[in-house]
Every structure is written in structure tokens, then in C-alpha cells.
Amino acid sequence: MIQEFLTPVNYVVGIFLVAILGIGTLCLKMDSNAQSLCNDAVVEFVDKARASGYISAESYTEMMQRINATNNLYQVSFRHESKTSVPQTNDAGQTTGDVVNAYNAYYQDEILGYIFEGDGSAGFHNYPLKNGDYIQVTFELKEPTLATRIVTFFSARAPKTISGSYGGYVGSTEENGNAY
């Protein structure tokens with residue numbers, strides 16, 4: 001009697017597990033594809049800015065469209081560091097001949113404010129970069145994906161989220177920037 005009851009239950013549990021495993025595997029693959037797509041968009045944006053010496057509205061918009069094509073919500077931020085050299089002075093205000101290097105950091109709000117200044121009727125501005133400046137873009141998923149929810153439901157740990165960072169120096173002829 002118990003055997004007759006357990007057989008259909010075993011089939012239902014087995015079908016459920018196979019379905020969940022299949023859906024989970026598909027969702028993990030979708031997350032992997034989203035990670036690759038975001039990485040490619042960010043690398044192309046940074047490398048284009050490094051090579052051209054400016055950030056354009058078109059390249060920023062293209063990067064964001066490619067990232068948003070994954071149908072996930074991301075926090076995307078970038079910064080620009082510009083090295084400046086200032087002559088060192090003594091207490092009397094005279095230069096000593098030494099130079100002090102400093103970095104000025106500019107963040108996404110300032111850069112986008114410059115690029116998209118005005119109503120766009122006169123066109124958008126290119127944000128200028130100079131040789132030796134550093135630009136870095138960072139992105140991170142804002143909400144868990146279906147794969148994250150499935151894995152978290154069946155295990156105590158949350159899987160790695162979709163995130164990344166890529167940067168490099170303007171005018172650098174290296175093929176790769178600094179990714180971490």
C-alpha cells in the first residue's frame with residue numbers, strides 16, 4: 001500500500017528536480033552571457049576613450065544600450081583621474097624647483113553633465129582626456145537574477161553576482177587595460 005503511494009510521489013519529485021535543474025542551468029548560462037556582454041561593452045567604451053582621447057555621448061549611449069540589453073538593472077559608474085604637476089613652494093612663496101604630483105578625480109555626474117550639457121539641440125560635447133589620464137568604469141548588478149534566486153533557495157550561499165571593472169591610461173598603446 002505504501003509502495004503504491006510512494007511511486008507517484010517519487011515521479012513527481014523527480015520531474016520537479018529535473019525541471020528545476022534544467023531551468024537553473026539555463027539561468028546560470030544567461031547570467032554568464034550577461035557578464036560577457038557587460039564586460040565587452042565596458043572594455044570597448046574604455047578602449048575607445050583611451051584611443052580617441054575623449055568620451056563622446058555616442059560611445060556612452062552605446063555602452064549603456066548594450067548593458068541594458070541584458071534586461072538586468074546595473075549600477076554603472078566611472079571616473080577619470082587627471083595627473084597634475086604643481087611646483088613646490090617654500091614658506092616665502094618662492095618655488096623650490098621640485099614638483100608635486102596630484103590627481104584630480106572627476107566622477108560620472110560631472111562627466112555626464114559636461115557631455116549632455118544643454119538640451120542637445122546644439123549637439124553634445126566630447127569630454128576631453130589628455131595623455132596619461134586614467135579612466136575606469138565599474139558595473140554591478142542591482143537586483144538578484146533568477147539564477148541567483150534558484151541557487152540561493154537550494155543552497156545557503158549566494159552565487160557570484162554580475163559585476164566588473166575595467167580601466168586604463170589614455171594614450172597607452174597596451175592592448176589590455178587594468179581589469180579587476
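The values are calculated or read from the model by the stated rules, or taken from the named source; none is laboratory data. Computed from a predicted model, the values in this text were never measured in an experiment. All Cβ positions, even for glycine, are placed from backbone atoms using ideal geometry, and neighbour counts span all protein chains on display.
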inquiry  = Suppose the filter is surrounded by 11 or more Cβ atoms within 10 Å (Cβ to Cβ), at pLDDT below 90 and closer than 21 Å to Glu140 by Cα; does Cys38 pass it?
reply    = no
request  = Please give the number of the condition Gly93 fails out of (1) in contact with a helix residue (DSSP H, G or I) (Cβ under 8 Å, 6 or more places away or on another chain); (2) of a type outside the set (Phe, Trp, Tyr); (3) at pLDDT below 80.
outcome  = (1)
key: Given (1) surrounded by 13 or more Cβ atoms within 10 Å (Cβ to Cβ); (2) more than 20 Å from Lys48 (Cα to Cα); (3) not aliphatic (A, V, I, L, M), number of the condition Glu143 does not satisfy   = (1)
task = May I ask you to verify whether Lys130 is among the charged types (D, E, K, R), under 22 Å from the mean Cα position of the chain (by Cα) and part of a loop (DSSP other than H, G, I, E, B)?
result = no
task = Could you please let me know if Val86 is over 30 Å from Met30 (Cα atoms), in contact with a Ser or Thr (Cβ under 9 Å, 6 or more places away or on another chain) and without any contact (Cβ under 8 Å) to a residue 24 or more places away in the chain?
result = no
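Residues checked against (1) in contact with a helix residue (DSSP H, G or I) (Cβ under 8 Å, 6 or more places away or on another chain); (2) at pLDDT 90 or above; (3) assigned to a helix (DSSP H, G or I):
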position: Val100; (1), (2), (3): no, no, no
position: Ala105; (1), (2), (3): no, yes, no
position: Glu110; (1), (2), (3): no, yes, yes
position: Phe124; (1), (2), (3): yes, no, no
position: Phe139; (1), (2), (3): yes, yes, no
position: Ala147; (1), (2), (3): yes, no, yes
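To keep it simple, each residue is scored yes or no on (1) exposed (fewer than 12 other Cβ atoms within 10 Å of the Cβ); (2) assigned to a helix (DSSP H, G or I); (3) aliphatic (A, V, I, L, M); (4) touching a residue at least 60 places away in the same chain (Cβ under 8 Å).
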{"position": "Val13", "(1), (2), (3), (4)": "yes, yes, yes, no"}
{"position": "Val18", "(1), (2), (3), (4)": "yes, yes, yes, no"}
{"position": "Leu21", "(1), (2), (3), (4)": "no, yes, yes, no"}
{"position": "Ser32", "(1), (2), (3), (4)": "no, yes, no, no"}
{"position": "Val46", "(1), (2), (3), (4)": "no, yes, yes, yes"}
{"position": "Thr61", "(1), (2), (3), (4)": "no, yes, no, no"}
{"position": "Asn72", "(1), (2), (3), (4)": "no, no, no, yes"}
{"position": "Thr96", "(1), (2), (3), (4)": "yes, no, no, no"}
Test: residue in region 6-29 that is under 29 Å from Gly123 (Cα atoms) and of a type in the set (Gly, Ala, Ser) = no
remark   = Taking region 68-92 and the residues there that are more than 23 Å from the chain's Cα centre (by Cα) and of a type in the set (Gly, Ala, Ser), the one that is farthest from Tyr127 (Cα to Cα) would be Ala92
request  = Go over the candidates Ser155, Ser85 one by one and state the one that is within 30 Å of Leu21 (Cα to Cα) and modelled with pLDDT under 90.
outcome  = Ser155
remark   = Reported set for region 133-162 where residues are among the charged types (D, E, K, R) and under 21 Å from the mean Cα position of the chain (by Cα) is Asp133, Glu140, Lys142, Glu143, Lys160
key: Residue check, Phe154 loosely packed, with under 13 Cβ neighbours inside 10 Å and either out of contact with any Pro (no Cβ under 9 Å at 6 or more places or on another chain) or touching a residue at least 40 places away in the same chain (Cβ under 8 Å) (or both)   = yes
